[in-house]
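Here is the structure we will look at, set down as structure tokens.
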Amino acid sequence: MKKYIFATLPICLGILCLVTKGIIGDELMADGTIVERNFFLIPLSYLFFLSGIILFLFVATLSRKTKIAN
């Protein structure tokens, strides 16, 4: 199970990015424009999710191959 911690860490970071974006929020200016200071957290969270899923699949595949070999 320790090998899956490395794979779930990016997924947790992605969730943390989205939660941080939600907590900080956006600002509405007087002229009606929205100022999103932390917009970079949304695509960053997508990258973390994607890398976590890829790592999880890689670790699971590698684990399965070692079980078959033994």
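Bear in mind these aren't lab numbers, they're just calculated from the coordinates by the rules spelled out. Only a predicted model underlies this, so the values are computations on that prediction, with no experimental measurement involved. With ideal geometry, Cβ positions are generated from the backbone for all residues, glycine too; neighbour counts draw on all protein chains shown.
Observations, loosely collected:
- Of all residues assigned to region 28-38, none qualifies as being out of contact with any Ser or Thr (no Cβ under 9 Å at 6 or more places or on another chain), part of a helix (DSSP H, G or I) and either surrounded by 10 or more Cβ atoms within 10 Å (Cβ to Cβ) or among the aromatic types (Phe, Trp, Tyr) (or both).
- Inter-residue pairs, beta-carbon under 7 Å, first free of Cβ contacts under 8 Å to residues at least 60 places away in the same chain and in region 2-13, second of a type in the set (S, T, N, Q), 6+ apart: 10/51
- Look at region 19-37: where a residue is among the β-branched types (Val, Ile, Thr) and a partner is exposed (fewer than 10 other Cβ atoms within 10 Å of the Cβ), sitting 6+ places away or on another chain with Cβ atoms under 8 Å, you get 35/29.
- Residue 51 being buried (at least 16 other Cβ atoms within 10 Å of the Cβ) and either outside any helix (DSSP H, G or I) or among the hydroxyl-bearing types (Ser, Thr, Tyr) (or both): yes
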